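The values are calculated or read from the model by the stated rules, or taken from the named source; none is laboratory data. Predicted model, so just to flag it, every value in this text is computed and none were measured. Using ideal geometry, Cβ is built from the backbone for each residue, glycine included, and neighbour counts are taken over all protein chains shown.
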Amino acid sequence: MSGAADLLVVGAGAKAAAVAAKVDAINRLGLGPISVTIVEGVEPAASWKGLNGMTSGDEPLAVTPIKDVGFPYESGKAFGDLGPAIDREVMSLSWQQYLVGRGGWARWVNAETPSIRHRDYGAYLAWVLSRATTGVRIVSGRVQQVGFTPGGEGWTVEVEGREGLERYEGGALLLTGPGVHRHLSHDPEAAPRMFHCDSKRGDFLTRVPAEGSPEIAIVGGGESALSCLAFLRRHRPSARLTVYTPTLPMSRGESFLENRVFADPDCVGWSALELSQRRLFVRQCDRGVFDPGGLLNIAYDDHCRFLTGRVVHVASVSGGDGVAVDYASPEGPSVDAYEFLVNCSGFDLLEQLRGLFAPGVRAEIERQSGPLWDRPADVEVPMGRALEVVGLSPRLHIPGLAALAQGPGFANLGCLGLTANRVVAPLLVGDEAPAAMVVTRGDELGL
Ligand SMILES: Cc1cc2nc3c(=O)[nH]c(=O)nc-3n(C[C@H](O)[C@H](O)[C@H](O)COP(=O)(O)OP(=O)(O)OC[C@H]3O[C@@H](n4cnc5c(N)ncnc54)[C@H](O)[C@@H]3O)c2cc1C
């Protein structure tokens, strides 16, 4: 058994990079020690380098990389007088520092800060993870099971590493990643003609022929549908692509009014807003909307069309050489035939977690915090300010589930620095309201 860390993290992606940068800064300032163990199944930033499905790495990142691992650099709100010093330290791992170090900053700024590719973003995250090392350990291996430590006061993860099964312990646990694709009803015979938002991009190239003009349906009205569309336009330029959106297709609201809510949900009193208002905001600004920049590339493209209709079932036709898409449109039920279909109807984070937690562990989590896996779809997941499952001890942080309860940026890249503050704050200043205590500690340290 390896020594217990204060925080265990599953996945070395964007959120882990932000947490590592914060913990590294806190430790270098002498405010710790805080120890973090990050377990990564593929390699750091694998999701963005095109190694995990979901992207080939060449598709454009929808968010600007200026919203880097420290953004919005307002740590004073979490750590009082210590905040500015922590932000200064984290700035040494900013996107700007990364590009300056590579001699690419002026070129990027002079080009008017264009969007970058997922793999460029992945390279930046890997750079952060390679430098944020004070108190941070990265372990290579896939987490197979998550459970409680024997006394129930911490977490343990079983990792399939190079040397076989290893076990790591932590006082709190942070689960990252977007989840697995949401199930879309289909005949078993249709499966070989279907792809999903998390299918490996190489599978598309193996199965969709380069010659001819295959008709391909893409189901979904959000970022992953647009990402698949961009990939297929690039690699199968003669394919004809039809995107089914469950409601009228919409692009994402991105003015300063929306952006400030991602960066600082407290500025609108997010958690106190009516649930219906929070749902509406997430629907219009994050889930189920297209990035306007991505749409620009296909605005005058006669290989792409958009249909409003909720796909209800995918049947196998033509002796397995195609699929029939049953969908409910405003005009009533309809059926269209395609050679392939891509299911981009969404990610299911809880379904992925179901596989990581044994039934007994799931039962204990639900005993302490109420229904999580089998709750009705319209019931909000109870997530607290530290992006933790409310009522559960030891702490289990799942930022990907906290958008509705705590703020829309916690499920994506909208406020990585704030996400890290929320997760790390209980380790630095405890569970109590921190302001007074932090100011005292800041004075003592002469910051
Ligand atoms: C194609 C695509 C494009 C996106 N573009 C944007 C965008 O432009 N802007 C935005 O705000 N959001 C975007 N998102 C959403 C983004 O993925 C989420 O915000 C996500 O939560 C990113 O941070 P993360 O650290 O949680 O996950 P990731 O960065 O995906 O990292 C998760 C890591 O966990 C590892 N892992 C998974 N399971 C295990 C296991 N069992 N054991 C060990 N390691 C494991 C993976 O290998 C991976 O490295 C995009 C998502 C997708 C799929």
Those residues of the stretch 373-387 that are free of Cβ contacts under 8 Å to residues at least 24 places away in the same chain and crowded, with 22+ Cβ neighbours inside 10 Å come to a total of 1
Restricting the stretch 27-62 to residues that are modelled with pLDDT of 95 or more and touching a Leu at 6+ places or on another chain (Cβ under 6 Å), the one farthest from the ligand (Cβ to nearest atom) turns out to be Ile34
Listed by range, helices (runs of 4 or more DSSP H) wholly within the stretch 253-301 having at least 2 residues that are more than 16 Å from the ligand (Cβ to nearest atom) are 256-263, 275-285
- Check the stretch 117-134 and report whether any residue there is part of a loop (DSSP other than H, G, I, E, B), in contact with a strand residue (DSSP E or B) (Cβ under 8 Å, 6 or more places away or on another chain) and not charged (D, E, K, R). no
Here the residues within the stretch 223-252 that are within 15 Å of the ligand (Cβ to nearest atom), over 19 Å from Arg207 (Cβ atoms) and modelled with pLDDT of 85 or more are Leu226
Filtering the stretch 292-323 down to residues that are charged (D, E, K, R) and within 19 Å of Ala225 (Cβ to Cβ) yields Asp301, Asp302, Arg305, Arg310
Q.
Please determine whether any residue of the stretch 198-210 is within 30 Å of Gly253 (Cα to Cα), of a type in the set (A, V, I, L, M) and assigned to a helix (DSSP H, G or I).
A. no
**Message:** It is to be established whether one or more residues within the stretch 29-40 are in a helix (DSSP H, G or I), surrounded by fewer than 21 Cβ atoms within 10 Å (Cβ to Cβ) and touching a helix residue (DSSP H, G or I) at 6+ places or on another chain (Cβ under 7 Å).
**Reply:** no
Within the stretch 63-104, residues part of a loop (DSSP other than H, G, I, E, B), modelled with pLDDT of 95 or more, within 16 Å of the ligand (Cβ to nearest atom) and not charged (D, E, K, R) come out as Pro65, Ile66, Val69, Gly70, Phe71, Pro72, Leu93
